[in-house]
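Contents: one structure, followed by commentary.
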Amino acid sequence: MRTTRALAVAVTAGAVVGLAAPTASAWADPSNIVAMPSVIPRGGQLTVTVDGKSCQAVGSKITSDAFPDTHLKHMGSGTASANTTIYQHATPGAHSITVHCGGKTLTKPDAFTVIHGGVRGGLGGSSDTGATSTDMAIGGVLVAAAVVGGGVFWMRRRAENAGRGI
C-alpha cells in the first residue's frame, strides 16, 4: 500500500513539473546573459552570449551605456553571441546589458565591470621572502603532532588485536 501511494505521488509530481517546464522556458526567452570577461578595461573586447531561440532572429541586439549597440550572431542550439568593444570614455564601475530579441527585452544588471587602466593582476601567490622561522616552527610542531598521534593510534590498535589473539 505504501509503495502505491509513493508511486502515485511521484507520478503526479513528475506530471506537474513536466507540464510547467515548457511554459517556464517560453517565458524565459531570451535568458542567461553571460559577459566575458566580467572585469574589463576601457577599449577591451567583450563577448556576450545569450540563450534563447528568439535571439536567432535578424535584428536581435545587445545594448549598454558602455559599448555601441551590437547585433547578435546565431551560434546554434538556441544560443547567440556578439563581440563588442568597450568605449574609451566608459565610466569605471558596474554596467548592465540589455538584450532585444524577437520583440522581447531582458536586462542583466551589473553584468560586467569596467576598470580604469589594465586588468588588475597580483603576484598570483608568489612571494620573494619564503617561509619565516615562525612558519617553519609551526609546521614542524604540526608534523610532529601528526606523527605522535599516528603512532599512538597504531600502538593501541596493535595492543587491542594482540589481546584478541588476532
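The values are calculated or read from the model by the stated rules, or taken from the named source; none is laboratory data. Computed from a predicted structure; not experimentally measured. As a convention, Cβ positions derive from the backbone with ideal geometry for all residues, glycine included, and neighbour counts pool all protein chains shown. Side chains included, ligands, DNA and RNA excluded: accessible areas come from the protein's heavy atoms. Shrake-Rupley method; radii C 1.70, N 1.55, O 1.52, S 1.80 Å.
Computed values, structure above
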| quantity | calculated |
| --- | --- |
| Residue in the range 102-116 that is most open to solvent (accessible area, probe 1.4 Å), counting only those that are closer than 13 Å to CYS55 by Cβ and under 24 Å from the mean Cα position of the chain (by Cα) | THR105 |
| Conditions (1) in contact with a Pro (Cβ under 6 Å, 6 or more places away or on another chain); (2) open to solvent by 60 Å² or more (accessible area, probe 1.4 Å); (3) among the aliphatic types (A, V, I, L, M); number of the one not met by VAL58 | (1) |
| So ILE97, is it at negative phi, in contact with a Ser or Thr (Cβ under 9 Å, 6 or more places away or on another chain) and open to solvent by less than 20 Å² (accessible area, probe 1.4 Å) | yes |
| Any chance ALA131 is over 30 Å from GLN45 (Cα atoms), surrounded by 10 or more Cβ atoms within 10 Å (Cβ to Cβ) and at pLDDT 90 or above | no |
| Qualifying residue in the range 98-114 (condition: assigned to a loop (DSSP other than H, G, I, E, B), under 11 Å from ILE40 (Cβ atoms) and at pLDDT below 95) | no |
| Subset of the range 28-46 [open to solvent by 50 Å² or more (accessible area, probe 1.4 Å) and assigned to a strand (DSSP E or B)] | ASN32, VAL34, MET36, VAL39, GLN45 |
